[in-house]
Amino acid sequence: MSFDSEIISGVCAYMNANQSANNLVMVQWLGGLREATAATMVGFDEVGVDFSAMVGDEETLVRLPWTHEISTRDQVREQLFTLLDRALEVYEP
């Protein structure tokens, strides 16, 4: 099962408008791009989430896997919280 494009665009719009700092923390600490200065959620599917990260003048695609395959919007939210919790566990200011 794939997610409807309206669900994907709605979740991405919310994350980019309201959770941009959290997007960046996930990319820096789970995606291994600590030098990233911005991260925009660009999509997701059943197995992971995609971000576009700015590293210097370069835009880089970062894929973070979910902890398990998902199929509902509620599971997307749960997995984003899980990723953020994991990132904050290793975060070093």
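Rule-based calculations on the coordinates, nothing more; no lab input. Bear in mind the structure is a predicted one, so any value in this text is a computation, not a measurement. Please note: Cβ atoms are built from the backbone with ideal geometry, for glycine as well, and neighbour counts cover all protein chains shown.
Starting from the Cα of Glu78, step 7 Å toward the Cβ, then list every residue of the stretch 44-67 with an amide N under 18 Å from that point. Those under the cut-off are 45-49, 65-67.
Between helix 5-18 and the chain there is an angle of about 30 degrees, using the helix long axis and the longest principal axis of the Cα atoms.
When the chain is treated as a Gaussian network with alpha carbon springs shorter than 10 Å, the biggest mean-square fluctuation among Gly31, Gly48, Gly56 belongs to Gly56. Using Cα springs under 10 Å in a Gaussian network model of the chain, which residue among Val62, Val27, Val47 shows the largest mean-square fluctuation? Among Val62, Val27, Val47, the largest mean-square fluctuation in the Gaussian network model of the chain belongs to Val47.
In a fully extended conformation the segment linking Arg63 and Ser5 would gain 19.1 nm over its present Cα-Cα distance, using 0.36 nm per residue. Using just its DSSP H runs of length 4 or more, each adding -39500 (n - 2.57), the chain gives a mean residue ellipticity at 222 nm of -14500 deg cm²/dmol after division by all residues. Equivalent ellipsoid of the chain: semi-axes from √(5λ) of the C-alpha gyration tensor, largest first, are 21, 15, 11 Å. I need the GluC sites (Glu not before Pro) found in the chain, filtered to DSSP loop residues with at most 11 other beta carbons within 10 Å of theirs. Qualifying residues, ordered by number: Glu35. Given R0 = 30 Å, the distance between the Cβ atoms of Ala13 and Glu92 translates into a calculated FRET efficiency of 0.50.
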